[in-house]
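Taking it in order: structure first as structure tokens, then the write-up.
The values are calculated or read from the model by the stated rules, or taken from the named source; none is laboratory data. Remember, it's a predicted structure, so these values are computed and weren't measured experimentally. For neighbour counting, all protein chains shown are included, and Cβ atoms are generated from backbone atoms with ideal geometry for every residue, glycine included. For the accessible areas, the whole protein counts, side chains as well, though only heavy atoms, and no ligand, DNA or RNA atoms are used. Shrake-Rupley method; radii C 1.70, N 1.55, O 1.52, S 1.80 Å.
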Amino acid sequence: QASNVAAEIRVEGNAGYFKPYGDGGIDFSATAGTGTSEILDDYEEGTWTPLISQDGDGAVPFTSVTQSGAYTKVGNLVTVTCLYEYSGIGSVGNNFAYMGGLPFTAANNSIYGYGFSFFEQSAFDTKSYSIAALSNAAKAFFQYDNGGGTLYVGTPRMVGNTFPSAATVRFTLTYIAA
């Protein structure tokens with residue numbers, strides 16, 4: 001009988017209402033219907049292990065010292081935080097370097113997730129760094145601006161030898177999961 005009572009709980013207000021959804025979750029629809037776009041049925045928190053490497057999957061990795069990441073997923077929206085310290089860029093050279101290990105594959109569309117990253121290093125650096133989720137992959141790429149408004153390194157991903165030789169990378173990135 002408890003499940004029947006729960007199915008009938010409904011909280012109303014001036015702007016609409018929400019009620020429990022049959023298979024778990026919350027239905028935020030203002031009117032009765034069959035659509036699922038107003039159903040919130042997925043929430044998750046966890047950790048992930050970041051890794052900067054040539055392909056984002058571990059080939060030719062940076063020399064990592066600290067790898068720490070956390071995430072929150074609400075519906076299909078994922079927000080990740082990262083602390084990644086490295087002491088060398090390995091032999092990535094002029095190849096693209098990616099941040100791999102994201103907890104969920106990004107959606108396959110032209111809407112990239114986007115975030116700002118910060119590179120802590122001993123040498124003064126005037127560049128402004130950002131990070132974007134790669135469509136249809138569980139990895140991201142970095143970009144930088146040299147301070148003059150010019151976004152560097154074609155297509156616009158950074159290659160290995162454009163990274164500081166050693167640094168601590170911190171970022172928050174929000175993207176849509178597949």
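Listed values, structure above:
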read-out	value
Of the criteria (1) at pLDDT 85 or above; (2) in a strand (DSSP E or B); (3) buried (at least 17 other Cβ atoms within 10 Å of the Cβ), which one Thr174 fails	(3)
Scope region 89-104; condition assigned to a loop (DSSP other than H, G, I, E, B), hydrophobic (A, V, I, L, M, F, W, C) and closer than 16 Å to Thr168 by Cα; matching residues	Ile89, Ala97
Residue list for region 56-81, restricted to those being more than 20 Å from Thr162 (Cα to Cα), among the hydrophobic types (A, V, I, L, M, F, W, C) and surrounded by 16 or more Cβ atoms within 10 Å (Cβ to Cβ)	Val78, Val80
Filtered residue count, region 152-163, keeping only those that are modelled with pLDDT of 75 or more and either hydrophobic (A, V, I, L, M, F, W, C) or open to solvent by less than 10 Å² (accessible area, probe 1.4 Å) (or both)	4
